[in-house]
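**Student:** Please read through the structure below; I'll follow up with questions.
Bear in mind that the values in this text are calculations on the coordinates, not laboratory data. Quick caveat, the model's predicted, so the values are computed rather than measured. Because the Cβ atoms are built from the backbone with ideal geometry, glycine has one as well, and the counts that use them run over all protein chains shown.
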Amino acid sequence: MRRFMILIAFLLGIAGTAAAQIGKSVSVSAGTPEDKALTEIYGAPDGPEKTALLDKFMADFGKGDMELLADQLYVQTYLAQKNYAKVYEFASKALALDPSNLSAAVSMVHAAEEQGDVKKLYDAGDRVAEIIAQYKNSPAPEGTSAEQWAQQKTTNLNNVQGDIGYVQYALVGAAYKTTDPIARAALFERYVTAFPDSQYTAAVREQTAIAYQQAQQIPKMLDTAQRILAADPNNISMLLLLSDYWTDNGQELDKAVGDAQHALDLLAQAKKPDNLSDDQWQQQVTVEKGVAYSAIGEANVNKGRYQPAVDAFKQASPLLKSNTVAYARNLYRLGFTLAKMERFPEARTALTEAVSINSPYKSKAQETLNKINGTASGKTKKKSS
């Protein structure tokens with residue numbers, strides 16, 4: 001009787017056994033010296049004892065498929081020991097012997113994530129994406145029908161979704177934590193290239209546009225947002241991003257108002273995603289409505305339609321209270337517009353509150369407040385003289 005040990009099934013201690021289906025399989029006959037040595041290795045705890053047993057196995061049997069098997073076992077042992085340099089070394093050796101070895105590439109992702117090395121993480125993530133893409137496009141082996149091969153690939157890809165999902169989550173998480181917006185945008189772009197159809201891709205594309213906005217790379221922000229809207233005209237985040245940008249800069253005002261109103265219409269019927277609590281969802285929708293109304297108000301200011309602008313700003317104000325910067329900006333816009341209408345007491349109230357908030361609009365509000373105080377004072381003196 002012969003027993004077969006499939007290579008990766010024994011190796012994915014962290015990522016699970018699913019990856020056994022992608023990459024070369026190695027069989028070892030029961031009762032052979034290799035089988036006895038491997039049984040001892042599998043029974044040893046991760047650490048120096050297992051490493052010593054692996055060294056002996058490699059010296060005795062480390063040729064061909066047995067070398068690949070040993071490299072894989074080294075990877076898992078060193079990963080458990082957090083010896084990341086050795087993980088990369090032996091994973092690279094395994095991939096050199098078997099370029100389709102998903103287990104080795106996923107282990108490199110684990111090591112890079114634990115180490116906090118974003119460059120190595122993305123390099124390993126690209127390797128995972130490459131292996132998956134090549135596997136999806138691989139022709140049927142000789143003796144296997146195209147239909148049977150397609151079914152087998154579907155099954156195997158389903159089996160490794162846990163590994164793929166982990167890799168994708170690790171890459172997105174690392175990009176989100178990157179503080180420099182230009183570097184963050186570059187990582188997001190790289191992620192979308194590697195995994196264009198993942199569950200995170202739509203959100204990552206949105207965050208790319210936002211990162212470019214934060215980096216003041218406006219042409220890239222506009223291009224990214226417009227490409228997203230071309231593919232998904234109902235993308236609320238991008239409708240608001242563009243309407244907010246255009247109105248803040250006095251450009252494309254009719255289009256900006258249309259985008260803001262379209263966002264409001266969509267928000268009225270939007271459904272809560274599963275990953276948000278009721279309170280989180282309510283807060284998000286409330287702020288987004290506030291941003292839309294504020295954009296409509298600013299468009300009206302640019303058109304010289306001050307009363308409709310004031311109405312929109314007042315509608316936006318209570319909706320934006322949970323977002324300090326957006327709330328302060330809206331108060332400044334309201335006070336500025338009221339000042340232009342020479343409704344100074346109301347303007348002073350809005351601007352005084354804006355000044356009390358620590359935001360980028362504090363100094364602008366104070367400057368406008370100083371001007372209207374001087375103007376009001378001058379008018380009072382004229383009346384009394």
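**Student:** Would you compute, for the Cα atoms of the stretch 35-112, the largest minus smallest coordinate along each principal axis and list the three values in descending order, in whole Å?
**Tutor:** Computed over the Cα atoms, the extents are 31, 26, 15 Å.
**Student:** Further, regarding this structure: How many angstrom lie between the Cα centre of the stretch 122-192 and the Cα centre of the stretch 65-114?
**Tutor:** 17
**Student:** Any idea what the relative contact order of the stretch 313-375 is, in percent, if you count C-alpha pairs under 8 Å spaced at least 6 apart?
**Tutor:** On the way: 74 pairs, mean separation 18.7, N = 63.
Computed over the stretch 313-375, the figure is 30 percent.
**Student:** So, one more: Go ahead and set up a Gaussian network model of the chain, Cα springs under 10 Å, then flag whichever of 371, 289, 24 fluctuates most.
**Tutor:** Highest fluctuation of the listed residues: 371.
**Student:** Once you compute Rg and the Kirkwood Rh from C-alpha atoms, what is the Rg to Rh ratio for the stretch 292-380?
**Tutor:** Values: Rg = 12.2 Å, Rh = 12.6 Å.
Over the Cα atoms of the stretch 292-380, Rg/Rh equals 0.96.
**Student:** Return the single residue from 144, 208, 224 with maximal mean-square fluctuation; model: Gaussian network over the chain, springs between Cα atoms under 10 Å.
**Tutor:** 144
**Student:** Report, please, the projected area of the stretch 178-220 averaged over directions, based on the convex hull of its C-alpha atoms, in nm².
**Tutor:** 2.7
**Student:** Taking N as the number of residues in the stretch 256-317, what is its alpha-carbon radius of gyration divided by 2.2 N^0.38 Å?
**Tutor:** Values: Rg = 13.1 Å, N = 62, 2.2 N^0.38 = 10.6 Å.
The stretch 256-317 yields a ratio of 1.24.
**Student:** Right, next: How many angstrom separate the Cα center of the stretch 299-333 from the Cα center of the stretch 210-237?
**Tutor:** Each part's Cα centre sits 23 Å from the other's.
**Student:** I want to verify a result. In a Gaussian network model of the chain, Cα cutoff 10 Å, which of these has the top mean-square fluctuation: 273, 139, 345?
**Tutor:** 273
**Student:** Along Cα→Cβ, 7 Å out, is where each label goes; now give me the distance between the ones at residue 92 and residue 217 in nm to one decimal.
**Tutor:** Result for the modelled spin labels: 2.9 nm.
**Student:** I would also like to ask the following. Counting pairs of Cα atoms in the chain, how many percent are more than 41 Å apart? Write out the running numbers ahead of the final one.
**Tutor:** Numbers: 28324 of 73920 pairs.
Tail of P(r) above 41 Å: 38 percent of Cα pairs.
**Student:** I need the semi-axes of the equivalent ellipsoid of the stretch 73-218: take the C-alpha gyration tensor, multiply each eigenvalue by 5, square-root it, list largest first in whole angstrom. Mind dumping the intermediate values first?
**Tutor:** Values: eigenvalues 168, 95, 23 Å².
Each semi-axis is √(5λ); the values are 29, 22, 11 Å.
**Student:** A follow-up question, please. Ordered by residue, what ³J(HN,Hα) values in Hz, to whole numbers, does the stretch 137-152 give under the Karplus form 6.51 cos²θ - 1.76 cosθ + 1.60, where θ = phi - 60° and Gly and Pro are x?
**Tutor:** 8, 6, x, 5, x, 4, x, 10, 5, 4, 5, 5, 5, 4, 5, 5
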